[in-house]
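Structure first, commentary second.
No lab work stands behind these numbers, since they all come straight from the coordinates. All values reported here derive from a predicted model rather than from experimental measurement. Cβ placement follows ideal geometry from the backbone for every residue including glycine, while neighbour counts extend to all protein chains displayed.
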Amino acid sequence: MGMYSEKVMDHFSNPRNVGEIENPSGVGTVGNAKCGDIMRMYLDINSEGVIQDVKFKTFGCGAAVATSSMATELVKGKTVRQALEVTNQAVMEALDGLPPVKVHCSLLAEEAIHAALWDYAQKNNIEIEGLEEPVNDISEKEEEEEY
Ligand code: FES
């Protein structure tokens, strides 16, 4: 029923991994100035580079909640490298899709994870191949992609 899949409704009504991590290995916050939504991701990464725990907090729409919930489930237990492969596309597929007008919401989770990984890399003085410096406002990035 309606425009959202059952999985989206489930992750929206019962989001996984909501909260904070004390002394996280990395934390990242991104927003989208166009809709005003904000997302913060916390990562707990062990010495082998495996994401042991992940939590998120959001001031965001329902689709942002559902995609972040799914994204945290997908990166948990993964290595940093594997986590980079969890794209917003992968998250949307895992949720059986999102309405086109809500696709941009799934970017919030992906970018917040990248920002947290960036923070982790900075703190540990390492370089994560394929990871770009995060932007605070992801709507700037969307605009770039439109051209
Ligand atoms: Fe802003 Fe969904 S409307 S993230």
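For the stretch 19-37, a tally of residues being of a type in the set (A, V, I, L, M) and away from the ligand (no atom under 16 Å from the Cβ) returns 2.
Annotation: of all residues in the stretch 53-92 being small (Gly, Ala, Ser) and surrounded by fewer than 20 Cβ atoms within 10 Å (Cβ to Cβ), the one that is nearest to residue 111 (Cα to Cα) is 90. Which ones in the stretch 77-131 are within 13 Å of residue 30 (Cβ to Cβ), touching a residue at least 24 places away in the same chain (Cβ under 8 Å), within 13 Å of the ligand (Cβ to nearest atom) and of a type outside the set (A, V, I, L, M, F, W, C)? Correct list: 104, 106, 110, 111. Within the stretch 1-14, the residues that satisfy the criterion of being assigned to a loop (DSSP other than H, G, I, E, B) and within 14 Å of the ligand (Cβ to nearest atom) are 3, 4.
Within the stretch 38-52, the residues that satisfy the criterion of being crowded, with 17+ Cβ neighbours inside 10 Å, more than 16 Å from the ligand (Cβ to nearest atom) and not in a loop (DSSP other than H, G, I, E, B) are 42, 43, 44, 45, 51.
Yes/no per residue for (1) of a type in the set (S, T, N, Q); (2) on the phi > 0 side of the Ramachandran plot:
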{"position": "45", "(1), (2)": "no, no"}
{"position": "59", "(1), (2)": "no, no"}
{"position": "77", "(1), (2)": "no, yes"}
{"position": "93", "(1), (2)": "no, no"}
{"position": "106", "(1), (2)": "yes, no"}
{"position": "135", "(1), (2)": "no, no"}
